[in-house]
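Contents: one structure, followed by commentary.
The values are calculated or read from the model by the stated rules, or taken from the named source; none is laboratory data. For clarity, every value in this text was computed on a predicted model and none was experimentally measured. Cβ: placed from backbone, ideal geometry, glycine included. Neighbour counts: every protein chain shown. Ligands, DNA and RNA are excluded from the accessible area calculation, which covers all protein heavy atoms including side chains. Shrake-Rupley method; radii C 1.70, N 1.55, O 1.52, S 1.80 Å.
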Amino acid sequence: QVQLVESGGGLVQAGGSLRLSCAASGRTFSSYAMGWFRQAPGKEREFVARISRSGGITYYADPVKGRFTISRDNAKNTVYLQMNSLKPEDTAVYYCAASPYTRVAVGSDDYDYWGQGTQVTVSS
């Protein structure tokens with residue numbers, strides 16, 4: 001079992017930055033690849049970024065490439081999402097999730113554990 005708690009969301013102006021954190025419970029954090037997803041009002045949840053168990057491999061959705069950076073600290077059982085050059089279309093609830101798969105996993109079904117989400121609002 002892995003419990004995930006996100007933090008760091010908030011209101012920011014377009015062009016600004018936010019850093020999301022996701023703290024995991026349990027001693028098996030390093031056994032999971034971690035991902036970030038987001039869901040805007042009226043839209044389906046979408047993949048944002050993924051990081052491998054060791055942190056050596058990352059993968060991003062096209063809309064966030066070059067602006068967002070995913071990282072993890074296995075000693076602290078925490079995964080981060082640094083978001084720069086934010087746009088109004090980045091407004092959403094952001095979720096972190098844990099996946100047992102080593103392959104690149106971008107579907108919600110590939111992730112077994114989810115946090116409760118943190119709201120990010122980008123004003124124009």
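Against the conditions (1) within 16 Å of Tyr113 (Cα to Cα); (2) in contact (Cβ under 8 Å) with a residue 40 or more places away in the chain; (3) among the aliphatic types (A, V, I, L, M), where does Ala49 fall short? Just the number, please.
(2)
For segment 3-23, name all the residues that are in a loop (DSSP other than H, G, I, E, B) and open to solvent by 80 Å² or more (accessible area, probe 1.4 Å).
Gln3
Would you check if Gln82 is within 15 Å of the chain's Cα centre (by Cα) and in a loop (DSSP other than H, G, I, E, B)?
So Gln82 does not fit the description; no.
Could you list all residues from segment 73-115 that are within 28 Å of Gln13 (Cβ to Cβ) and charged (D, E, K, R)?
Hits for segment 73-115 are Lys87, Glu89, Asp90.
Give me the residue from segment 90-118 that is among the β-branched types (Val, Ile, Thr) and open to solvent by 30 Å² or more (accessible area, probe 1.4 Å) and, out of that set, farthest from the chain's Cα centre (by Cα).
Within segment 90-118, the match that is farthest from the chain's Cα centre (by Cα) is Thr102.
Just to be sure I understand, how many residues within segment 24-57 are within 17 Å of Ser99 (Cβ to Cβ) and not in a loop (DSSP other than H, G, I, E, B)?
Looking only at that region, the number is 16.
Quick check on segment 11-27. Is at least one of its residues within 17 Å of Thr118 (Cα to Cα) and in contact with a helix residue (DSSP H, G or I) (Cβ under 7 Å, 6 or more places away or on another chain)?
no
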